[in-house]
Amino acid sequence: MEYKEMTERQLRAEHAKAAGEYQRIMDKCLKEGQSYDEFMHRAAEAKEKLYLVDKYLRLKAAATVEYGKEWKGDLMSMDEFTRKSKDGLLDDESGDGYYATDNAKSDVRIMPSDVIEGLVRTDFSHVMWFEKDKEAENGL
């Protein structure tokens, strides 16, 4: 069964299974004194599965929405977020996005790579984008 056909419950089970496999590989590499590069090589398949399952899980996750708060992020329409993502102005490393409406933010993340891959929910009209603080990232 493909991920897009799975229910949220099935996706959560797949995610747990892949996370367990990732942890088993990490534990084995630690016990064997393997390098980080060797661990990453051995865990590549489990990491890829976690990445993909996470994307599909966010498409089907039940959203909790918060109203009446002032957010320090940038509220943009889904069209604007899509355009900026496709133009390379936003990427997965530059900030964190959450599905939103014109007056509320959900707890479900959206990533610019989701847009590029065509994995976008249609039940939200906006995205709340929180740009990562470059100074904080650099320890300043």
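None of the figures in this text is laboratory data; all of them are computed from the coordinates on show. Every value quoted in this text rests on a predicted model; they were computed, and no experiment measured them. So basically every Cβ, Gly included, is an ideal-geometry build from the backbone, and we count neighbours across all protein chains shown.
What the table below lists for this structure:
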| quantity | calculated |
| --- | --- |
| Low-density loop cleavage sites - GluC sites (Glu not before Pro) in the stretch 32-93, where at most 14 other Cβ are within 10 Å (DSSP) | Glu70, Glu93 |
| Two-site label geometry, Asp54 and Arg12: point separation in nm, points 7 Å out along Cα→Cβ | 1.8 |
| At 1.567 mPa s and 4 °C, Stokes diffusion of the stretch 3-60 via Kirkwood alpha-carbon radius, µm² per second | 109 |
| Rel. contact order, % - alpha carbon contacts under 8 angstrom, at least six apart, the stretch 1-61 | 52 |
| Exposed trypsin sites (Lys or Arg not before Pro) absent - longest run of the chain, DSSP non-H/G/I/E/B, at most 16 other C-beta within 10 Å | 1-68 |
| For the stretch 78-95, 3J(HN,Hα) per residue [Karplus equation, 6.51 cos²θ - 1.76 cosθ + 1.60, θ = phi - 60°, Hz, x = Gly/Pro] | 4, 4, 5, 4, 4, 4, 5, 5, 5, 7, x, 6, 10, 9, 4, 8, 8, x |
| Charge context of Asp102, other residues only, Cβ under 15 angstrom, K/R +1, D/E -1 | -4 |
| Dipole moment magnitude, nearest 20 debye, the stretch 1-125 about Cα centre, only Lys, Arg, Asp, Glu C-beta charged | 400 |
| Relative contact order computed over the chain (Cα-Cα under 8 Å; 6+ residues apart), in percent | 24 |
| Ellipticity estimate at 222 nm from DSSP helix runs (n ≥ 4, -39,500 (n - 2.57)) divided over the chain, nearest 500 | -14500 deg cm²/dmol |
| Zero-based 5 Å bins, Cα pair distances in the chain, whole percents | 2, 10, 16, 16, 16, 16, 13, 7, 4, 1, 0 |
| Alpha-carbon radius of gyration plus Dmax, which is the widest Cα pair, for the stretch 65-137 in Å | 11.7, 35 |
| Long-range HN-HN contacts of Ala100 with modeled amide H, under 5 Å | Ser106, Ser125, His126, Val127, Met128 |
| Candidates Met128, Met26, Met78: whichever shows maximal mean-square fluctuation once the chain is modelled as a Gaussian network with Cα springs under 10 Å | Met26 |
| Count of Lys pairs (Cα-Cα under 20 Å; at least 8 positions apart or interchain) in the stretch 1-103 | 18 |
